[in-house]
1. With runs of 4+ DSSP H residues as the only contributors, calculate the mean residue ellipticity of the chain at 222 nm using -39,500 (n - 2.57) per run, divided by the residue total and rounded to the nearest 500.
2. Kindly provide the chymotrypsin sites (Phe, Trp or Tyr not before Pro) of segment 85-118 that DSSP labels as loop, not H, G, I, E or B, and whose Cβ sees at most 14 other Cβ atoms within 10 Å.
3. In a shell of Cβ-Cβ distance under 13 Å around residue 63, excluding residue 63 itself, what net charge do Lys and Arg (+1) and Asp and Glu (-1) give?
4. For segment 290-360, count all C-alpha to C-alpha pairs, find those more than 19 Å apart, and express that count as a whole percent of the total.
5. Please give the FRET efficiency for residue 166 paired with residue 31, using the beta carbon to beta carbon distance and R0 = 45 Å, rounded to the nearest 0.05.
6. How big is segment 180-278 by Rg and Dmax over its Cα atoms, in Å?
7. Please name which of 315, 146, 165 has its Cα lying farthest along the dipole of the chain towards the positive end, using unit charges on Cβ (Lys, Arg +1; Asp, Glu -1) and the Cα centre as origin.
8. Compute the whole-percent fraction of alpha carbon pairs in the chain spaced more than 27 Å apart.
Amino acid sequence: APVRNIILIWLGWALIMLGYQGWVQKRIQLERPDRVLSWTASETEATSNNDQPYLIDPFLKTQVAWDSEFYLAIADEGYAPSLVRAIPEDFYIRHFYCRIDTTEDCYSLANAFFPLYPLLIRAFAYPLALFPLSRIGALTLAAVVVSLLGTLLAMLSLYAITRHTLEEADGVRAAFYLLIFPSGFFLAQVYSEGVFLGVTFAALAFLLKRKWGWAALFAVLATWTRPGGAILLLPMIIVWISDKTWREDWRTLTLRTLAALSPAISYGIWRLTPLAERFFLVEANFFGRSLLAVNRSLEGWQHAWQLMLNGLPETRFYYGLEFAAVAFGVLCCLLLLKTRPELSLFGLAMILFAFTSGGPQGMVRYVLV
């Protein structure tokens, strides 16, 4: 019954999300542009996406924006898509875009995104070719389906995690709360949130049941979905230590050690590929993100705090939600520290990872995990 209820809640939520986003624009026209942040005005005019074909296909158009372009482009053409903006290696000096087919020193912005979600989109798009959809429309539908299925996996995994310490009804309620979190709507968009939460929570659920093989498999998938997936190394090592695994026979010890190290191993494999070099180049030069950029992040958050106090009303609301999300996430992790340290420390590490990655933006989305 709990699993059935979770599936029904998920299905009803998915229908409401897709229906609402499709129909609300029939009655409400947003005032353009959105000046909530310094860069949003130029990105939210009615014509802002005209040169981005992956964002203007009429089918499920309400489910795509911003980073959706890159996931769809990778699924369509790989990491050198012809229809996506590209930058030179010295973009931070010369702020201009280049063409991959005409310039050797040119890197698509799609390189800033990990491969698992686009690969799943491509796989799910193959059978959709039978329907009368455009290529981009089929990819968009496949991406939404993948995101929704990832969300269902996240809900079921969250229920499996919580049912050991809470009542079964509370486990269902926890899965429901995931959907109605202020940024839960990202789980129904062409974004990697649904898949990332699905495989991450599945890894944690199997880890808590000491099913090391399955935990390692989903940890690898999480690491290849988003870079934060590698942080699963922390709870896996904590469980490995708390179980005193070194006392096991050599075969069990070897297998569980490899499983515990699987996030680091899978990240290391990715790091050896050309994808890694291009990822760091685009992340740093265009998106302004890097690992543990503490000083730059603190400066950005100080500026965000001043804008929350003295900025435009919409900017104050936006950053108020950002700060509230961080505080709420940290509080929840601290409350869990005594009873489930592996989950608590994993959550805190994920928040720290996002908080110190660069610009103060998107935390209400990043704290979902």
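The values are calculated or read from the model by the stated rules, or taken from the named source; none is laboratory data. Worth saying up front: this structure is predicted, and the values here are computed from it rather than measured. Neighbour counts are summed over all protein chains in view; Cβ atoms, including those assigned to glycine, are modelled from backbone coordinates with ideal geometry. When the accessible area is computed, the model is the full protein with side chains, heavy atoms only, and any ligands, DNA or RNA have been set aside. Shrake-Rupley method; radii C 1.70, N 1.55, O 1.52, S 1.80 Å.
1. My calculation for the chain gives -19000 deg cm²/dmol from helical runs alone.
2. Within segment 85-118, the qualifying chymotrypsin sites (Phe, Trp or Tyr not before Pro) (loop, at most 14 other Cβ atoms within 10 Å) are 92, 96, 97.
3. Summing Lys/Arg as +1 and Asp/Glu as -1 gives -3.
4. 42 percent
5. 0.55
6. Final numbers for Rg and Dmax: 14.9, 47 Å.
7. Positive-most Cα among the choices belongs to 165.
8. Across the chain, Cα pairs with separations above 27 Å total 52 percent.
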